[in-house]
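Chemist: Structure below; questions to follow.
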Amino acid sequence: MEFIQNLVEYYDELYATTEKQEQFFKTISQTYSAPLKMLQIGSGSGSFAIEAAKQGFDVTGIEMSQALLDSASLKRRNQLLSLRFFKLSTVEMTKFLGKSFYNILICLNNRLCFLREKSLMQQFFADAKSLLSENGTLVLQLLNYEFFKASGSQPAPRKSIRASLLSKLTFAENEKTLLSQQIETGNGKILPIVENEQIYPLTKEELCEFAKEAGFSTIKLYSDFSGTELTPDSEEIIAVIS
């Protein structure tokens, strides 16, 4: 069960855009002519999309949470930016968005895991390929599930001055993977976000397999936005696929 409204107040500070992220995407953007067209899947409260638009990108954000979408739309108001937000899921995005239109398609903060099923994950890569322009780039930020399953450890909390986001992965005997998240506020109050939500734990091998099946030819994997080499002990996977 989702309680996403409990996350909205803290979303911007817990998922703040970092200088390393900005530099990472600035480097990728140099491959394309201006104005670069970017699609963000799971755009949340819009903070990353707004920063990208301020850098001159033409940005489209899609988000299924109405609470997060309302927050993004409120921040976007009164700003003269090439930016728009839509309530749209990944499974229906090719019905409403332009084919071969976007130079960069991104999905950050492990949001891709909520597709839940292998077939939907495979379809995502095919749909992403169809939405991207020739030589377009897909960027994914994922948890390295193989590390957490092997080590028995849990993802590190995301922290801000006012709150911490705590995440727990459960690898069940029925081969399902479950995610629980909660906010712990500065005064010790616990607010649920998701409770035992089934997710799809995309592995490095599957990522490469699905990308190649979709027609992508180049796959680069890192452990962070600094471009650090991915290792079995990396907690995150940053995938750059083209």
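Chemist: Calculate I(q)/I(0) for the chain by the Debye formula, one identical point scatterer on each C-alpha and no solvent, and give its log10 at q = 0.07, 0.11, 0.15, 0.17 Å⁻¹ to two decimals.
Modeler: Computed log10 I(q)/I(0) values: -0.22, -0.56, -1.11, -1.47.
Chemist: Any aspartates and glutamates with Cα under 18 Å of the LYS189 Cα? List them, leaving off those in the same chain fewer than 8 positions away.
Modeler: Of all the aspartates and glutamates, those that pass the test against LYS189 - Cα under 18 Å, at least 8 places apart if same chain - are GLU2, GLU9, GLU13.
Chemist: Okay, next question. Skipping prolines and chain starts, which residues have an amide H placed within reach, meaning under 5 Å, of the one on ILE106, given they are 5 or more residues away or on another chain?
Modeler: So ILE106 has HN proximity to LEU39, GLN40, ILE41, VAL139.
Chemist: Which ³J(HN,Hα) values in Hz, rounded to whole numbers, follow from the phi angles of the range 212-221 under the Karplus curve 6.51 cos²θ - 1.76 cosθ + 1.60, where θ = phi - 60° and Gly and Pro get x?
Modeler: Ordered by residue, 3J(HN,Hα) equals 5, 4, 7, x, 6, 10, 10, 10, 10, 10 Hz.
Chemist: Provide GLU184, GLU134 ordered by accessible surface of protein heavy atoms (probe 1.4 Å), highest first.
Modeler: Working: GLU184 75, GLU134 160 Å².
Per-residue accessible area, sorted high to low, gives GLU134, GLU184.
Chemist: Still on this structure, I have one more. For the range 1-84, calculate the relative contact order in percent as a whole number, restricting contacts to Cα pairs under 8 Å that are 6 or more residues apart.
Modeler: On the way: 100 pairs, mean separation 25.5, N = 84.
After rounding, I find 30 percent.
Chemist: Let me confirm the definition first: pairs of Lys residues in the range 49-183, 8 or more apart or on different chains, C-alpha distance under 18 Å. How many are there?
Modeler: 11
Chemist: Starting from 0 in steps of 10 Å, tell me what percent of the Cα-Cα pairs of the range 1-91 lands in each bin.
Modeler: Result, from short to long distances: 17, 49, 29, 5, 0 percent.
Chemist: Evaluate the charge dipole of the range 115-242 about its Cα centre and quote only its size in Debye, nearest 20, assuming +1 on the Cβ of each Lys and Arg and -1 on the Cβ of each Asp and Glu. Walk me through the numbers before you get to the answer.
Modeler: On the way: 13 positive and 18 negative charges, 91 e Å.
Charge dipole, the range 115-242, about its Cα centre: 440 debye, nearest 20.
Chemist: OK, next. Normalising by the residue count of the chain, find the relative contact order in percent from Cα pairs under 8 Å and 6+ residues apart. All intermediate terms of the calculation are to be shown ahead of the outcome.
Modeler: Values: 461 pairs, mean separation 47.2, N = 242.
Here the relative contact order equals 20 percent.
Chemist: Please list 3J(HN,Hα) in residue order for the range 76-89, calculated via the Karplus relation 6.51 cos²θ - 1.76 cosθ + 1.60 where θ = phi - 60°; whole Hz, with x for glycine and proline.
Modeler: With the stated coefficients, the range 76-89 comes to 6, 4, 6, 10, 7, 10, 7, 8, 8, 10, 10, 7, 7, 8 Hz.
Chemist: Work out the P(r) tail for the range 128-242: percent of alpha carbon pairs separated by more than 24 Å, whole number. Can you show the working numbers first?
Modeler: Values: 2539 of 6555 pairs.
Within the range 128-242, distances greater than 24 Å cover 39 percent of Cα pairs.
Chemist: GNM, the chain, Cα, under 10 Å: largest mean-square fluctuation among TYR11, TYR32, TYR200?
Modeler: In the Gaussian network model the winner is TYR32.
Chemist: Using the Karplus curve 6.51 cos²θ - 1.76 cosθ + 1.60 with θ = phi - 60°, what ³J(HN,Hα) values do you get for each residue of the range 10-21, in whole Hz, with x for Gly and Pro?
Modeler: After applying 6.51 cos²θ - 1.76 cosθ + 1.60, I find 9, 4, 4, 7, 7, 10, 5, 6, 9, 5, 5, 4 Hz.
Chemist: Mind listing the long-range amide H neighbours of LEU36? Cut-off is under 5 Å, sequence gap 5 or more, other chains count too, H placed in the peptide plane at 1.01 Å from N.
Modeler: ASP58
Chemist: Which residue, ARG116, ARG76, ARG162, has the most motion in a Gaussian network model of the chain that connects Cα atoms within less than 10 Å?
Modeler: ARG162
Chemist: Further question on the same structure: Rounded to the nearest 10 Å², what accessible area does SER242 show when all protein chains are kept and the probe is 1.4 Å?
Modeler: In the full protein context, SER242 sits at about 40 Å².
Chemist: Just to compare against my own numbers: the Cα pair-distance distribution for the range 136-202, 10 Å bins, whole % per bin, please.
Modeler: 19, 44, 28, 9, 0
Chemist: Among the aspartates and glutamates, which have Cα under 14 Å from the Cα of LYS26 when same-chain residues fewer than 8 positions away are ignored?
Modeler: GLU51, ASP58
Chemist: For the chain, modelled as a GNM with alpha-carbon contacts under 10 angstrom, which of GLU92, GLU206, GLU197 fluctuates the most?
Modeler: GLU92
Chemist: Please report, as a whole percent, how much of the solvent-accessible surface of the chain comes from carbon and sulfur atoms (probe radius 1.4 Å).
Modeler: Ligands and nucleic acids excluded, carbon and sulfur reach 48 percent.
Chemist: Restricting things to alpha carbons, find the Rg to Rh ratio for the range 48-173 using the Kirkwood radius for Rh.
Modeler: Values: Rg = 16.7 Å, Rh = 16.7 Å.
When Rh is taken as the Kirkwood radius, the ratio is 0.99.
Chemist: Same structure again: For the chain, with only Lys/Arg (+1) and Asp/Glu (-1) charged at the beta-carbon, what is the dipole magnitude about the Cα centre, in debye rounded to 20? The partial results should precede the final answer.
Modeler: Details: 25 positive and 29 negative charges, 146 e Å.
Magnitude of the dipole: close to 700 debye.
The values are calculated or read from the model by the stated rules, or taken from the named source; none is laboratory data. The model shown is predicted, which means the values in this text are computed figures rather than measured ones. All Cβ positions, even for glycine, are placed from backbone atoms using ideal geometry, and neighbour counts span all protein chains on display. All accessible areas refer to the heavy atoms of the entire protein, side chains included, with ligands and DNA or RNA removed. Shrake-Rupley method; radii C 1.70, N 1.55, O 1.52, S 1.80 Å.
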